[in-house]
Amino acid sequence: MTLTPSPRVGIIVVGAGSGTRLGQDAPKAFVGIGGHTILRHALRGVFAAQEAQVVIVAPAGREGEALTDAREAAGARAELVSVVTGGATRQASVAAGIAALWPAVEVVLVHDAARALTPPDVFARVIDAVDRTGWGVVPGLAVVDTIKRVEGERVVEAVDRSQLAAAQTPQGFRRDVLETSYAVASEEYTDDAALVAAAGHRVAIVDGDPLAFKITTPADLDRARGLTTPVPAVPAASSGERMPRVGIGTDVHGFGGDGSLWLAGLEWPSEPALSGHSDGDAVAHAIVDALLSAAGLGDIGTHFGTSRPEFAGAHADAFLARTRELLGEAGWVIANVAVQFQSNRPRFAPRRAEAEAVLSAALGGAPVSLAATTTDGLGFTGAGDGVQAFAVALIRPA
């Protein structure tokens, strides 16, 4: 077996911020633009640049989603990716990323996921400048607006803009410089270059790019969405718009759990329970997998696995509501879902309409149709050992 050599460059992608100024329901890195999350778009530039170890710093509880985005963006470089949990401040989050770097890494780039459209050549310029100078390096743009110093409503004086630059990311450093600077930092700084400069190290500037703007406000989000074309995944319509997408999901659970049976979002008190990390609702779980598959967001294990204790014992409404949120953040709307359920029991027909209404409500009103059948005594469902469900989901661009 051929082992991939450990890269000398490490890129820390900071995406742990809440993004309150953006006015969205999700942490900033997981808001959708152009069919994928802000984080996914940022990673396109990262993986198109020089081969590097990539450490993503994600908010607590979103590590699985970040890893899914990263692996899909990385392709054959998936083994170079890891995800760590961010801290209470940006500085603490970067420190967590530094701690995850491999020993062979010599040059470290720190990049804000919110600068999602940064072109790969900016990364190349920063790496080259660090190698040439040994200094910290910041990409930046000349300030073109006239700048005024003000006090309240009064303009005090004009500022010489020829001495100013607007700093961007990725910011690059020798690893030893960055680590020692973080070790002695005694206050919070606005960016890593300021922290490194405060520790007594020199910082240079290279050309940034207008596309490397930071998505901070709703206006920035609108601008990014206007500049973003869908990530190629399925054939696009002739108009360039995204096409509706279809996903398939399946799930199996055996009888033998504690308490009542939960199936299709309903409790069946007189029936034996299914075994599982949550309530074993194979119908709901198949729907989740179908929707995630359609949107290219991984699978149920990624987002609801045994590493997520908050979903232990959870019912269909929790799973489906969270799945709907994930699709919304990625720019998708659920069109409809169809499910076939296979088992000898329970007798499903009398409660079909009730189950469809419950599942539809959990999906924000998207139509859900259910069908139930037996397998004429064949297989584990025919033997009465468990249940199986198959789901097909149709989604469309938001």
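Ranked from highest to lowest mean number of other Cβ atoms within 10 Å per residue, what is the order of the peptides 273-286, 27-40?
Top to bottom by mean Cβ count within 10 Å: 27-40, 273-286.
Please compute the contact order of the chain in relative form: average sequence separation of alpha-carbon pairs under 8 Å and at least six residues apart, divided by the residue count, as a percent.
The normalised contact order for the chain reaches 16 percent.
When the chain is fully extended, how far beyond the present Cα-Cα distance does Asn336 get from Arg132, taking 0.36 nm per residue of separation?
Here the segment from Asn336 to Arg132 would lengthen by 67.8 nm.
What order do you get for 103-109, 54-60 when each peptide is scored by the mean count of other beta carbon atoms within 10 Å, highest first?
Ranked by mean Cβ neighbours within 10 Å, highest first: 54-60, 103-109.
Sort Leu227, Leu221 so that the residue with the fewest other Cβ atoms within 10 Å of its own Cβ comes first and the one with the most comes last.
Ascending Cβ contact count within 10 Å gives the list Leu227, Leu221.
Using Cβ counts within 10 Å as a stand-in for footprinting exposure, how do Leu164, Leu363, Leu291 rank, fewest first?
Ascending number of Cβ neighbours within 10 Å: Leu164, Leu363, Leu291.
Would you mind computing, in nm to one decimal, how far apart the modelled labels at Ala321 and Asp222 are, each placed 7 Å from Cα along Cα→Cβ?
That separation, rounded to one decimal, is 3.1 nm.
Given a Förster radius of 56 Å and the C-beta distance between Ala349 and Gln163 as r, what FRET efficiency does 1/(1 + (r/R0)^6) yield to the nearest 0.05?
Between Ala349 and Gln163 the formula returns 0.15.
Just to confirm a number: summing +1 for Lys and Arg and -1 for Asp and Glu over residues other than Leu227 whose beta-carbon lies under 14 angstrom from that of Leu227, what do you get?
+2
Mind checking which of Met243, Leu261, Ile300 is farthest towards the positive end of the range 148-301's charge dipole, using Cβ charges of +1 (Lys, Arg) and -1 (Asp, Glu) about the Cα centre?
Positive-most Cα among the choices belongs to Met243.
Between Glu310 and Ser275, how many nm apart are label points set 7 Å from Cα along the C-beta direction?
Computed distance between label sites Glu310 and Ser275 equals 2.9 nm.
The range 31-69 to the range 75-117: how many Å between their Cα centroids?
Centre-to-centre (Cα) distance: 10 Å.
Just to be sure I understand the model, the point goes 7 Å from the Cα along the line to the Cβ. What's the resulting Val143 to Arg21 distance in nm?
Here the answer is 1.6 nm between the modelled labels.
With an 8 Å Cα cut-off and a minimum separation of 6 or more residues, compute the relative contact order for the range 9-227 in percent.
The value is 24 percent.
Mind sorting Arg347, Arg175 by how few other Cβ atoms lie within 10 Å of their own Cβ, fewest first?
With the fewest neighbours first, Arg347, Arg175 line up as Arg347, Arg175.
At a Förster distance of 41 Å, what's the computed FRET efficiency of Ala60 paired with Ala383, Cβ-Cβ distance as r, to 0.05?
Efficiency computed from Cβ-Cβ geometry: 0.45.
Given a Förster radius of 22 Å and the C-beta distance between Ser369 and Asp299 as r, what FRET efficiency does 1/(1 + (r/R0)^6) yield to the nearest 0.05?
After rounding to 0.05, the efficiency reads 0.45.
No value in this document is a laboratory result; all are computed from the given coordinates. This structure is a prediction, so every number in the text was calculated from the model and none was measured. All Cβ positions, glycine included, derive from the backbone under ideal geometry; neighbour counts span all protein chains shown.
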